[in-house]
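Novice: Quick one: the structure is below, and I'll ask about it shortly.
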Amino acid sequence: MEKMNLREKRVAFLGLGTMGESLLEALFHEEILAPENTVATVLHPERAEHLTKKLGISVNIDNINATSQAEVVLLCVKPKVVEPVVREIAGEINANKLIISIAASITTQSIEQILGAAIPVIRAMPNTPCVIRSGMTGICRGKDVTESDLGIARTLFESVGMVVEVDEEQMDAVTALSGSGPAFAYLIIESLVEAGVKVGLARDAATVLVAQTLQGAVRMTLESGQDPALLKDAVATPGGCTIEGIRALEDRNLRGILINAIVKTTERAKELAEKS
């Protein structure tokens, strides 16, 4: 989907934390949003003053005022305060405004119920590599979302990585795979680096070898379009070194361990969603 020019849109970021700030900086860099049409809120006046100077936009602590000015409202607050913030701004929300929430485990239905009207609500699950514009964001639409609304959300999050649309019931799986996924990847990187040190490499050399190797494998997966199993087989020549390592991993049930980690994480995400 072609990126939309949203420079004429008035956009508010409520609860501008690390993720929201990274998204905002990318949007300004790509000239998708205009600073003069963008406002944000934070909890503390000192941070508001700091971000106002840093980003060149109006940053304050007034959610209601920020929402009243906006056509698109991004909820970047922590999940536990989504409900009070939505209740706080409900009087400024109408059917002509789009709500985008990046709060984990908060459903579109729960936000729609608080607002009590036909308001377009989109739920997004970005991950931490969005900070370096290599992120993965899963999005799903509420019942009143149009294709134009979806285009706005895609344009925003594609500025910091890739976007995939899923059904709402699949968002817990997105949370497990891409939301929590970086932590699992870092654990694998850490383990491979330790292995490199064990077999005689310096830690800094092992870290570069592992990180670049995994980055290359990831790019091969995305750019070749081939099944990972085929890419794996292309490396594992018969009777060679790689097949011995793969056999050792299979003996320890690495595949089952990783699958179980995703299943458990998805189950926990569902539990948190039910409590919200």
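Novice: If I go through the range 197-212 residue by residue, how many of them are open to solvent by less than 90 Å² (accessible area, probe 1.4 Å) and either aliphatic (A, V, I, L, M) or in contact with a helix residue (DSSP H, G or I) (Cβ under 9 Å, 6 or more places away or on another chain) (or both)?
Specialist: 8
Novice: What do you reckon, is Glu46 acidic (Asp, Glu), surrounded by fewer than 19 Cβ atoms within 10 Å (Cβ to Cβ) and assigned to a loop (DSSP other than H, G, I, E, B)?
Specialist: no
Novice: Note down all Cβ pairs under 7 Å where the first residue falls in the range 261-274 and is farther than 18 Å from Gly181 by Cα, the second is among the charged types (D, E, K, R), and they're at least six residues apart or on different chains.
Specialist: Ala273/Asp172
Novice: Right, here's the next one. Tell me, which residue of the range 142-153 that is part of a helix (DSSP H, G or I) and in contact (Cβ under 8 Å) with a residue 40 or more places away in the chain is most open to solvent (accessible area, probe 1.4 Å)?
Specialist: Among residues in the range 142-153 that are part of a helix (DSSP H, G or I) and in contact (Cβ under 8 Å) with a residue 40 or more places away in the chain, the one most open to solvent (accessible area, probe 1.4 Å) is Asp149.
Novice: Sticking with this one: Based on what the data block shows, is Ile139 open to solvent by less than 10 Å² (accessible area, probe 1.4 Å) and closer than 30 Å to Ala185 by Cα?
Specialist: For Ile139, the condition - open to solvent by less than 10 Å² (accessible area, probe 1.4 Å) and closer than 30 Å to Ala185 by Cα - is met.
Novice: Have a look at Val121, Val86 and point out the one that is crowded, with 22+ Cβ neighbours inside 10 Å, touching a residue at least 12 places away in the same chain (Cβ under 8 Å) and farther than 25 Å from Glu158 by Cβ.
Specialist: On inspection, the qualifying residue turns out to be Val86.
Novice: Ile100 - would you say it is open to solvent by 10 Å² or more (accessible area, probe 1.4 Å), touching a helix residue (DSSP H, G or I) at 6+ places or on another chain (Cβ under 6 Å) and within 24 Å of Glu169 (Cα to Cα)?
Specialist: Answer is no for this residue.
Novice: Tally up the residues in the range 169-202 that are over 26 Å from the mean Cα position of the chain (by Cα) and among the charged types (D, E, K, R), please.
Specialist: 2
Novice: Here is a follow-up. Which of the residues that make up the range 161-181 are of a type outside the set (S, T, N, Q) and closer than 16 Å to Leu222 by Cβ?
Specialist: Correct list: Gly161, Met162, Val163, Val164, Leu177, Gly181.
Results for (1) free of Cβ contacts under 8 Å to residues at least 12 places away in the same chain; (2) on the phi > 0 side of the Ramachandran plot; (3) not in a helix (DSSP H, G or I), shown as yes or no for each residue.
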| residue | (1), (2), (3) |
| --- | --- |
| Met4 | no, no, yes |
| Leu24 | no, no, no |
| Leu27 | no, no, no |
| Glu31 | no, yes, yes |
| Lys54 | yes, no, no |
| Thr67 | no, no, no |
| Val73 | no, no, yes |
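Novice: Name every residue in the range 219-248 that is open to solvent by 60 Å² or more (accessible area, probe 1.4 Å), among the hydrophobic types (A, V, I, L, M, F, W, C), out of contact with any helix residue (DSSP H, G or I) (no Cβ under 8 Å at 6 or more places or on another chain) and farther than 30 Å from Ala103 by Cβ, in order of residue number.
Specialist: Leu230, Ala234, Cys241, Ile243 - these are the residues of the range 219-248 that are open to solvent by 60 Å² or more (accessible area, probe 1.4 Å), among the hydrophobic types (A, V, I, L, M, F, W, C), out of contact with any helix residue (DSSP H, G or I) (no Cβ under 8 Å at 6 or more places or on another chain) and farther than 30 Å from Ala103 by Cβ.
Novice: If Lys80 satisfies every condition in (1) within 28 Å of Thr175 (Cβ to Cβ); (2) charged (D, E, K, R); (3) outside any helix (DSSP H, G or I) but one, which is the exception?
Specialist: The number of the failed condition is (3).
Novice: Same structure again: Using the structure shown, decide if Lys78 is farther than 17 Å from Ile111 by Cβ, open to solvent by 20 Å² or more (accessible area, probe 1.4 Å), among the charged types (D, E, K, R) and modelled with pLDDT under 95.
Specialist: no
Novice: Could you pull out the residue among Glu194, Glu169 that is within 30 Å of Ile114 (Cβ to Cβ), among the acidic types (Asp, Glu) and open to solvent by 70 Å² or more (accessible area, probe 1.4 Å)?
Specialist: None of the other options fit; the residue is Glu169.
Novice: What do you reckon, is Glu112 part of a helix (DSSP H, G or I), surrounded by 19 or more Cβ atoms within 10 Å (Cβ to Cβ), modelled with pLDDT of 95 or more and not small (Gly, Ala, Ser)?
Specialist: For Glu112, the condition - part of a helix (DSSP H, G or I), surrounded by 19 or more Cβ atoms within 10 Å (Cβ to Cβ), modelled with pLDDT of 95 or more and not small (Gly, Ala, Ser) - is met.
Novice: Of the numbered conditions (1) more than 22 Å from the chain's Cα centre (by Cα); (2) part of a helix (DSSP H, G or I); (3) more than 21 Å from Arg141 (Cβ to Cβ); (4) β-branched (Val, Ile, Thr), Val59 satisfies every one except a single condition; which is it?
Specialist: Val59 satisfies all of (1) more than 22 Å from the chain's Cα centre (by Cα); (2) part of a helix (DSSP H, G or I); (3) more than 21 Å from Arg141 (Cβ to Cβ); (4) β-branched (Val, Ile, Thr) except (2).
The values are calculated or read from the model by the stated rules, or taken from the named source; none is laboratory data. Worth saying up front: this structure is predicted, and the values here are computed from it rather than measured. Note that each Cβ is placed from the backbone with ideal geometry, even for glycine, and that neighbours are counted across all protein chains shown. Only protein heavy atoms, including side chains, enter the accessible area calculation; ligands, DNA and RNA are left aside. Shrake-Rupley method; radii C 1.70, N 1.55, O 1.52, S 1.80 Å.
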